[in-house]
Structures are given as C-alpha cells and as structure tokens.
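**Student:** My questions will all concern the structure given below.
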Amino acid sequence: MARKIEIELTSRRDDGSWTWRAAGAREPRGSVDAAVLPAGARVGDVLRAEAEFDIDGIVLTSAVPTRPAAGDASSAATRIEILGSGREATGVSVSLAPGKRPRREEGERRPRREPRAPGRGRERERERADAGAREEGEGAGRGRGPRPERAPRAERAPRAERGARPDRSGAGRPRRLQTVTTNRNAMLAELRPEELPVAEQLIRGGVPAVRQAIDEQNTRARSEGRAEVAPEPLMAMAETLLPRVNLAIWKDRAAAVRSAGNDAPLRELRAVVASASTVSLDDDGRATAAELRRVLDQRVKAMLDRWLASIADNLDAERTLDALRASARPPDRAARVPAELAVRLSNAAGVAMTPTVPEQEWSALLDAVLDSPVRRTVKPQGLPEGAGEELLTKARRAAGLVPELARLLGLPIPPPPGPRRAPTGGALTSRRA
C-alpha cells in the first residue's frame, strides 16, 4: 500500500545510496538509492517521500523537499512578482445614470423642503374620499356591490394571538456525543510503520476494508505494469491487529458516553454496554464496562419507576383513558406492569366502558384497551346504547383481543393464545400419540 511519509537522511554510503529514518525516529529504517532523492541532498534533510509497504520492507519510490532551502534558485523560480504599469492611477470615477438624483458633494447640505400649505392634508383626504365613492359607483354599475363599511378600531374583534414559536435551540433534542479518538491515536502510535496502513483500514471498515484496499492496489499495479502484492500476509497482519483496533474503538465510544453523562442517548449507552461482550477487554476496559452497565441499570430503573407512577397517578385521578395510553408506552420492551397495578387498570377500563358512555368516548377507550398490556382481562360493562354499525364492526374485529366483547356481541369466545413455538433447527423432540 502506497503512503506519503516524511523521512530524514541520516548518512551516505560508499556505494552512493543513503540511509534514512522516519522524521523524529531514533533509528534508521532503511536505505534508498541516490537516484530517487533530489539533487543536492544532504545529511539531515527532511523530505516528503512516497513509500510502498511490502512484506520485505519499505521501498521509497520518490522524494521531494518539504520546503525549498533559503536562497535556493527553485524558491526564486516559484515566486511570482507582480509588475505594475508605472503610471499613477487616479481615484475611481462614478457616472450616475440619467434620471437619478445627483450626489451631494462633501459638506453640501440637503435642501430644505418647502412647508405645506395649511389645509392641504385635508384637501387630499377629501380627494381620496371622492375617488373611493366614484369607484364604488362604478363597481355597482358593473354588478359589484358597495364595499362593506369597516367597524371602528375599538369595536373590531381582537386579532388571534400567534402561537409560540417552535424551539429551535435543540434543548429538547438528545445531545450529540463528542467524537473521541484518544485511544485510537495511542494505539496507532505503538505500531510499526508497515502496520499503520492496515490498522487505518481496520478502523475505517474492519477486515472487508483491508481486503478492498488490497484489491484496489493490485488493480492499480496491473494497470501500471508493476508487481502485485500478495494478500495473504497482509490479511494475516489484519487478523492479528483486529483485537487491538476493536478495543481502541470501543474505549473511544465508552469515553464519549461517559463524558456526556446523563445527556448521553440511551440507545448509544445500550449499544456500548452490549458491544462490550464482543471485544477482548483489558482491566481498564472491564472497569469501564462495569461502570456503564451500572449507569444503564440506574437510568432504566428510573424510567420504569416514572412510567408506573404515571399509570398509578392517572388511575388515582380517575383518568382511565390516560392511564391506558400510558401503559401502552413502556420505556423498555422488557418492562411489565406489576400484577396489582394491572388488576387496577383492567377493572378501571371495564368500569369506564358502560352503556351510558357516548359512542365516541367508548370508541377511544376501546382503542386504548387494544394497545394496552391488559386487553385480554378487560371486561366492558356493555356497548353504548344505540351503537352505530361502524362501532359494532370495530368491536367485532377487536373481539379476538378482548374476549369479553365476544360475549357482549353474542359471538363464540375465541380460545386463549397458545404457547410460543420452539425455535426450529434444534434437536428433534418426540411427540406423544
């Protein structure tokens, strides 16, 4: 894989080749032919080189100076000198378009406007009133009626107040996590130069990204007539580096969640805790995973307590519809309503669905019951008096989920749902005759 690196020339050999090392490194990393280096290269020069990382080592294909030396002819050649005409330019001249008001000179005052003649404003008002009367007469002649007179401002109805502007500050939105790359940078700093390209591809897309990069490099090498790279050693290197890369990525995600605190999205917190089991954690990673798991349990418990409290509060205030709707929105898929609270909710729903309830309200209660977790235990006291065909059809369709509706409608009561089927693909079980 070809990369651009900065090298420092360390010494010159007797055969004309040079030894080099990565800029800032302690030991030399390889040698390069003098034909690849620019003319006038000296020991200690820092060059920007293009390198090929192969199994045998690092091969430099080109090298150029990072910046031209002071007083170098090449630096003077790349400098652009702007030459003027030698004439002194006068100020900018402005010509106004015809019909425009001329521009006042500096210090010139605006001419005073002549005072209005007394009574001139009243004459204009009378002229406007006469013109309006003529328009009304002409409109009446064309078939349009006269304009309705507007009521005085004090007698007009107050203008409807505008609603509050939507909050666009992002206060109600979940906080976006800050990107953390501390652990990834520390991991990359510990790798050898030939391992860096493979690790970078692993960070971008895992092993598939490494395989795609090798294919692209070999395709480019075939088109240029160069030798292809053997993918097996690079893939073996990727498999070796994968656990370290995954651990660094997980630590960065965990650090971002920890820094956000309670503002971290619950979905991201769940994902980080769940992915901890797929990574080979060290001691620091295990301590971080335990802390995040404890924070997740606390947040889920707090949300569950608020959910159950909202159901109980609505039942205490005899808001059965709100209690049913709240029970249909659990904070977690595994959340369940306790048995005592479920009995209260079911009894309250059955008492609320009486024949004296209006048809629209009864239909809203039925919708809430169908979405609630206590739908099979709700026993409505009766259908609304004089219920329409639309509500009766809706009740017949819901009889499979609310068995008591089948008894009220004179339909056969559906059987309870059977046990869940065992997952296929396991061991075969014998059936009794």
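The values are calculated or read from the model by the stated rules, or taken from the named source; none is laboratory data. Quick caveat: nothing in here was measured; it's all calculated off a predicted structure. Glycine also receives a Cβ, built like all others from the backbone with ideal geometry; neighbour counts cover every protein chain displayed. Calculation scope for accessible area: heavy atoms of the full protein, side chains included, ligands and nucleic acids excluded. Shrake-Rupley method; radii C 1.70, N 1.55, O 1.52, S 1.80 Å.
**Student:** Taking the condition part of a helix (DSSP H, G or I) and either buried (at least 17 other Cβ atoms within 10 Å of the Cβ) or out of contact with any Gly (no Cβ under 6 Å at 6 or more places or on another chain) (or both), does Arg176 pass?
**Tutor:** Numbers: part of a helix (DSSP H, G or I): no; either buried (at least 17 other Cβ atoms within 10 Å of the Cβ) or out of contact with any Gly (no Cβ under 6 Å at 6 or more places or on another chain) (or both): yes.
Judged against the criteria, Arg176 is not a match.
**Student:** So Val257 clears everything in (1) under 27 Å from Gln201 (Cα atoms); (2) at pLDDT 90 or above except one condition, right? Which one?
**Tutor:** Only one criterion in (1) under 27 Å from Gln201 (Cα atoms); (2) at pLDDT 90 or above is unmet by Val257, namely (2).
**Student:** For the stretch 26-71, how many residues meet the condition of being assigned to a loop (DSSP other than H, G, I, E, B), modelled with pLDDT under 80, exposed (fewer than 15 other Cβ atoms within 10 Å of the Cβ) and among the β-branched types (Val, Ile, Thr)?
**Tutor:** 2
**Student:** Follow-up. So Ala364 passes all but one of these: (1) modelled with pLDDT of 90 or more; (2) open to solvent by 80 Å² or more (accessible area, probe 1.4 Å). Which condition number does it fail?
**Tutor:** (2)
**Student:** For Asp283, are the conditions met, namely being within 30 Å of Pro243 (Cβ to Cβ), among the acidic types (Asp, Glu), surrounded by fewer than 17 Cβ atoms within 10 Å (Cβ to Cβ) and modelled with pLDDT of 90 or more?
**Tutor:** Numbers: within 30 Å of Pro243 (Cβ to Cβ): yes; among the acidic types (Asp, Glu): yes; surrounded by fewer than 17 Cβ atoms within 10 Å (Cβ to Cβ): yes; modelled with pLDDT of 90 or more: yes.
Here the answer is yes, as Asp283 does meet what is asked.
**Student:** Looking at Arg253, Arg226, which one is charged (D, E, K, R) and not in a helix (DSSP H, G or I)? Steps first, please.
**Tutor:** Working: Arg253 fails: not in a helix (DSSP H, G or I).
Of Arg253, Arg226, the one residue that is charged (D, E, K, R) and not in a helix (DSSP H, G or I) is Arg226.
**Student:** Which condition number does Gly205 fail, the rest of (1) open to solvent by less than 80 Å² (accessible area, probe 1.4 Å); (2) free of Cβ contacts under 8 Å to residues at least 12 places away in the same chain; (3) in a loop (DSSP other than H, G, I, E, B) being met?
**Tutor:** Gly205 satisfies every listed condition except (3).
**Student:** Considering only residues that are under 35 Å from the mean Cα position of the chain (by Cα), touching a residue at least 24 places away in the same chain (Cβ under 8 Å) and crowded, with 16+ Cβ neighbours inside 10 Å, which ones fall in the stretch 300-320?
**Tutor:** Passing the criteria: Val300, Leu304, Trp307, Leu308, Ile311.
**Student:** Among (1) surrounded by 10 or more Cβ atoms within 10 Å (Cβ to Cβ); (2) at pLDDT 80 or above; (3) over 28 Å from Gln217 (Cα atoms), there is one condition Ser74 misses while meeting the rest; what is its number?
**Tutor:** Ser74 satisfies every listed condition except (2).
**Student:** Follow-up question, since we're still on this one. May I ask you to list pairs of residues, at least six apart or on different chains, whose Cβ atoms are under 7 Å apart, with the first in the stretch 272-285 being assigned to a helix (DSSP H, G or I) and the second being open to solvent by 90 Å² or more (accessible area, probe 1.4 Å) and modelled with pLDDT of 90 or more?
**Tutor:** Short answer, once both residue conditions are applied: Val273/Arg293.
**Student:** Could I ask something else about it? Cβ-Cβ distance below 7 Å, separation of 6 or more or different chains: which pairs start in the stretch 324-352 with a residue that is in contact (Cβ under 8 Å) with a residue 12 or more places away in the chain and end on one that is among the polar types (S, T, N, Q) and open to solvent by 50 Å² or more (accessible area, probe 1.4 Å)?
**Tutor:** Listed pairs, sorted by first residue: Ser346/Thr377; Gly350/Gln381; Val351/Gln381.
**Student:** Which is touching a Ser or Thr at 6+ places or on another chain (Cβ under 9 Å), among the small types (Gly, Ala, Ser) and closer than 27 Å to Leu191 by Cα, of Ala255, Ala230, Ala209? Working first, answer last.
**Tutor:** Numbers: Ala230 fails: touching a Ser or Thr at 6+ places or on another chain (Cβ under 9 Å); Ala209 fails: touching a Ser or Thr at 6+ places or on another chain (Cβ under 9 Å).
The conditions single out Ala255.
**Student:** Tell me yes or no: at least one residue of the stretch 324-337 is in contact with a Gly (Cβ under 9 Å, 6 or more places away or on another chain) and of a type outside the set (A, V, I, L, M). Give the derivation first.
**Tutor:** To start, the set of residues in the stretch 324-337 that are in contact with a Gly (Cβ under 9 Å, 6 or more places away or on another chain) comprises none.
There is no residue in the stretch 324-337 that is in contact with a Gly (Cβ under 9 Å, 6 or more places away or on another chain) and of a type outside the set (A, V, I, L, M).
**Student:** So is Asp283 among the charged types (D, E, K, R) and within 19 Å of Asn185 (Cα to Cα) or not? Steps first, please.
**Tutor:** Values: among the charged types (D, E, K, R): yes; within 19 Å of Asn185 (Cα to Cα): no.
No, not satisfied.
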